[in-house]
Amino acid sequence: MAEFLTIGEPMAVFASSNIDKNLEDATDFTKFVAGAELNVAIGISRLGHRTEYISSVGQDPFGKFIRKSMTAAGVGNTYVSEDVDHWTGFYLKERVSHGDPATFYFRRNSAAANFDANILDSIDFSDVQIAHLSGIFAALSDNDLAVLKRLSQHLKQNGKFITFDPNLRPALWESQAHMVATTNELAKNADLVMPGIHEGEILMGSSNPQKIADFYLNQSQTTQTVIVKLGPKGAYIKQKNGNAQTIPGFHVKNVVDTVGAGDGFAVGLISGLLDGLPINKAARRGCAIGALAVMSPGDNDGYPTSDELNSYLQNQQITE
């Protein structure tokens, strides 16, 4: 049975191989599997933990590709349904030498956006230790927002630990005001919230890590820990008891693709908690996997196995 559970929209991504060419002019692409929550499930599975992923795909080549990729990665797909009436989402991604690549999505009215809420009634929560939720699934449709709220209730009723990543996708929301209000409301149900520093500025009006952490700690009795992702600078941790610290990041000489770095942080953090690490060491693992993620072109191709992670940490003269 799964130790880790998440829900999201799986997609195929066509990543350009043409450096610094816009998507209109790029001609060479490589297909990968993607989707923020699926990235996290793949990374945690790669580190030896049992995972289950909840979603829906279309009966099309992309849906088949995603299912095969999940099986190859060891991610459970017991709760992934096939939708005969809707297609599987996909997107295009630039290759850039500096900064974040541009992306273009084809996901409106996808299979995942029409997820059947009845599937939630079949989920076995008995062995789940941590569930990871994201603001992306809520943005896909009113149906999926209701599904996410219902799943969150099931998890709390079963006493499960919830992590929440805002993962803001403004293009998917009807307005920024709705995105902010809904995302912050969803965060109230999480034991641990992990916004990025730029997301904090959008969601509560400040880029100060301490103020961001205080906002989420103060808005909910449930939230006990906030970790603000600082990009290459690392992560800021603050807990309900007042303990706070900054975890330094890892230097990367050659950044290939920044997409997937935040999900890589979640992989390291959650896998560390599953392994019984204290929060500071789990966050440090998150920073390490975030650094490894930006060295590869796929959204999750840079996520390491346990041996690869240990080798990287040893090279950085860090022991867990």
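Projecting the Cα atoms of V13, N218, P101 onto the dipole axis of the chain, where Lys and Arg carry +1 and Asp and Glu carry -1 at the beta carbon, places N218 farthest toward the positive end. Exposure proxy shown here: for D20, D214, D121, the number of other Cβ atoms within 10 Å sets the order, fewest to most, as D121, D20, D214. Could you tell me which of G205, S141, Y303 has its Cα farthest along the dipole of the chain towards the positive end, charges placed at Cβ (Lys, Arg +1; Asp, Glu -1), taken about the Cα centre? Comparing the listed Cα positions along the dipole, G205 ranks first. Rounded to the nearest 20 debye, the dipole magnitude of the chain is 800 debye, with +1 charges on Lys and Arg beta carbons, -1 on Asp and Glu beta carbons, and the Cα centre as origin. Considering only V80, G234, A26, the residue lying farthest towards the positive end of the dipole of region 4-315 is G234, judged by Cα position with unit charges set on Cβ. Over the chain, dividing the summed -39,500 (n - 2.57) contributions of all DSSP H runs of at least 4 residues by the number of residues returns a 222 nm mean residue ellipticity of -11000 deg cm²/dmol.
Pick out which of V147, V84, V13 has the largest mean-square fluctuation in a Gaussian network model of the chain, springs linking Cα atoms closer than 10 Å. For the chain, modelled as a Gaussian network with Cα springs under 10 Å, the answer is V84. Charge tally for Q59 (other residues, Cβ to Cβ under 15 Å; Lys, Arg +1; Asp, Glu -1): -2.
Here, each number is a calculation from the coordinates, and none is a lab measurement. Keep in mind that this is a model prediction, so the values were computed, not measured. Every residue, glycine as well, gets a Cβ built from its backbone with ideal geometry; the counts of neighbours run over all protein chains shown.
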